[in-house]
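Remarks on the structure that follows.
Taken together, the values in this text are just the output of simple stated rules run on the coordinates, not laboratory data. All figures in this text were calculated on a predicted structure; none of them were measured in a lab. We place every Cβ from the backbone using ideal geometry, glycine too, and count neighbours over all the protein chains shown.
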Amino acid sequence: MDEEQIHLDAFELYFKLRQEGNGKTKSVAGVASEYNRSESIIFEWKKKLHWDDREAVRSAEINAEVQKKTNSTIIDNKSKYLFYPPIRAD
C-alpha cells in the first residue's frame, strides 16, 4: 500500500488521540469519523502502514525530549540554589 497524504494526516490524528489517553479502538473510531471512512478501513491502514510501530518510535522521541528538558530545568534550579543558598534565620 502506497502511503498518501490522507494516510499521513490520519496517522497524525490517530497519534494525537492516543496521546490524549484514548485507546486504540476509540482512536481508530475518531479517525474513521473525521475522514468519513469505516473503522475497518482505518484498522487496515493502521496495520498496513505500521501505525503501532510509528507511534512507539514517536512516543519514545517525545519522552526523550521531555526528559531532556526536565533534566535541564532541574540542573538550572539546583545551580541557582547552590549559587544563592537560602538565608537561614538562626
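Two decimals is fine: what is log10 I(q)/I(0) at q = 0.16 Å⁻¹ for the chain, from a Debye sum with one equal scatterer on every Cα and no solvent?
-0.68
Working from Cα positions, state the angle (0 to 90°, nearest 10) between the long axis of helix 5-19 and the longest principal axis of the chain.
The angle comes out at about 50 degrees.
Once phi is turned into ³J(HN,Hα) by the Karplus curve 6.51 cos²θ - 1.76 cosθ + 1.60 with θ = phi - 60°, what whole-Hz value does each residue of the stretch 52-66 show in order, with x for glycine and proline?
Working through the residues one at a time gives 4, 5, 5, 4, 4, 5, 5, 4, 5, 5, 5, 4, 5, 5, 4 Hz.
Treating cross-link reach as a plain straight distance, find the lysines whose alpha-carbon is under 17 Å from the alpha-carbon of residue 24, omitting any fewer than eight places away in the same chain.
Straight-line reach from residue 24, under 17 Å: 16, 46, 47, 48.
Okay, helix-only estimate at 222 nm for the chain: each DSSP H run of n ≥ 4 adds -39500 (n - 2.57), divide by all residues, round to 500 deg cm²/dmol; what do you get?
Value at 222 nm, helices only, nearest 500: -26000 deg cm²/dmol.
Dipole of the chain, Cα-centred, from +1 at each Lys and Arg C-beta and -1 at each Asp and Glu C-beta, to the nearest 20 debye?
With only Lys, Arg, Asp and Glu charged at Cβ, the dipole is about 480 debye.
Among the aspartates and glutamates, select those whose C-alpha is under 14 Å from the C-alpha of residue 69, and discard any that sit fewer than 8 residues away in the same chain.
Once the sequence-local aspartates and glutamates are set aside, what remains near residue 69 is 61.
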